[in-house]
Every structure is written in C-alpha cells, then in structure tokens.
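Structure record follows, encoded as structure tokens.
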Amino acid sequence: IPDWLLCGQGVPCGLASKFLILNLSGQIDLATFDPIHVTLTADYVRNLGFDKEEILRRTGNEYKEETEGYQLILSVGKPNIVERHDWQIIGALKYVEADAVLDGFTESIFHLGGTTTKGWILGANYGIDKNTMISARWLSADEISDWNSSNPVSLPLANDVLLVDLQTRF
C-alpha cells in the first residue's frame, strides 16, 4: 500500500477530512453579437469542513490543507445547438485539490475522475441537422503533486482524452 494511503501504525485510511462545501458560481453572457454569445462561467469551491487537528487526532498523520478548486469556462457560439450549422467552441481550465470535494462526485472523464488534478479542456459542438449535433472535446489533465524526481516510482499521473459524441433530441 502506498504511504499516502496509510494512517497511523500502517493502517489504511480514506476520507480523513469532513466535507462542508462552499460553492460559488457565476456567469456573464455577452449577447452583443446575437445570435452568437460569448459566455464566461466561473465556479469556485472550498471545503470548510477540513480540520487539520481533527484529522491528526483520528489518523495520527498530519495532512496539508488542500481544500480549494475552481473551473473557468469560456464559450463562443450559439448557446444551444438546435439547427443545422449551429456551432459553439469551448475552452476551460480546471483545478481541484485533494480535499476540495468528494472524489466520487467529480467528473469521471477529466483525469479519469477524482481530485488532486489540474488541466484544460478544448471542445467544439456543431449542428449537423435539426436537433442533432456532433461534439468533440480534448481533455488534458495532470496530477497536482509534490513529485520528487529522486523517487521515480511516484511519477504524477497525466492523461489526455479525446471524446467524440453524436447527440440527437426527439
């Protein structure tokens, strides 16, 4: 078992932190070029339930406070892809520290799920017919880590995913 999964006396542990989530979201939609919209969406999260002393008491280990995350999304194009030739391009930045949110409730495709990750997303949506669109996204994620090059066994996880979807509405 890796050292980071062990609590006091070598006993495995998980979910050492409590979670009380503060989540702030906002969006600016610039419709000056109607029907094309320029939209910026921001999302910030902080785990207010993290208590370093309580975790030390319960586990016997001292953990760094890693309780923040954010996501910024910029999209340009039609807000909804409904008609043929409607389009939208999207760019996003993501950063999620280890105890910002519960791992099991994160996006499963970005970094293959979980926390302790940062990266970006580029994507496009295109209407190929009424109520039918094709979309493609490139997701590039890296593990947030204090990686030490003298220990090559613990290389940080990095991955890139290309996701292509065909969607239709009836």
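Laid out as a table, the results:
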quantity	calculated
Fraction of alpha-carbon pairs over 21 Å apart in segment 35-170 - percent	55 percent
Table column - 3J(HN,Hα) (Hz), segment 37-49, Karplus curve with 6.51, -1.76, 1.60, x for Gly and Pro	10, 10, 10, 10, 10, 10, 9, 10, 10, 9, 8, 7, x
Peptides 102-114, 67-79 ordered by average Cβ neighbours within 10 Å, highest first	67-79, 102-114
Lys18 accessible area, 1.4 Å probe, all protein chains in place, Å² to nearest 10	120 Å²
Hits among aspartates and glutamates - C-alpha to C-alpha of Lys118 under 20 Å, sequence gap 8 or more where chains match	Asp43, Glu65, Glu66, Glu68, Glu97, Asp99, Asp103, Glu107, Asp142, Glu143, Asp146, Asp160
Accessible carbon and sulfur surface of segment 55-101 relative to its total accessible area, %, 1.4 Å	55 percent
Area of Arg137 that stays accessible when all protein chains are in place (1.4 Å probe, Å², to 10)	80 Å²
Accessible solvent surface per residue of segment 14-170, calculated while the other protein chains remain in place, 1.4 angstrom probe, Å²	63 Å²
Gain in span if fully extended, Leu162 to Leu102, counting 0.36 nm per residue against the direct Cα distance	19.1 nm
Cβ-defined net charge surrounding Val38, 15 Å radius [Lys, Arg +1; Asp, Glu -1]	-1
Label-point gap, in nm, between Val76 and Ile36 - each point 7 angstrom along Cα→Cβ	0.7 nm
Length-normalised contact order of segment 52-170 in % [C-alpha pairs under 8 Å, at least 6 apart]	21 percent
For segment 15-82: relative contact order, % (alpha-carbon pairs under 8 angstrom, 6 or more apart)	37 percent
Proportion of all alpha-carbon pairs of segment 68-113 beyond 17 Å (%)	49 percent
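The values are calculated or read from the model by the stated rules, or taken from the named source; none is laboratory data. These numbers come from a predicted model, not from an experiment. FYI the Cβ positions are ideal-geometry reconstructions off the backbone, even for glycines, and counts take in every protein chain you see. Areas reflect the complete protein model, heavy atoms only, side chains present, ligands, DNA and RNA absent. Shrake-Rupley method; radii C 1.70, N 1.55, O 1.52, S 1.80 Å.
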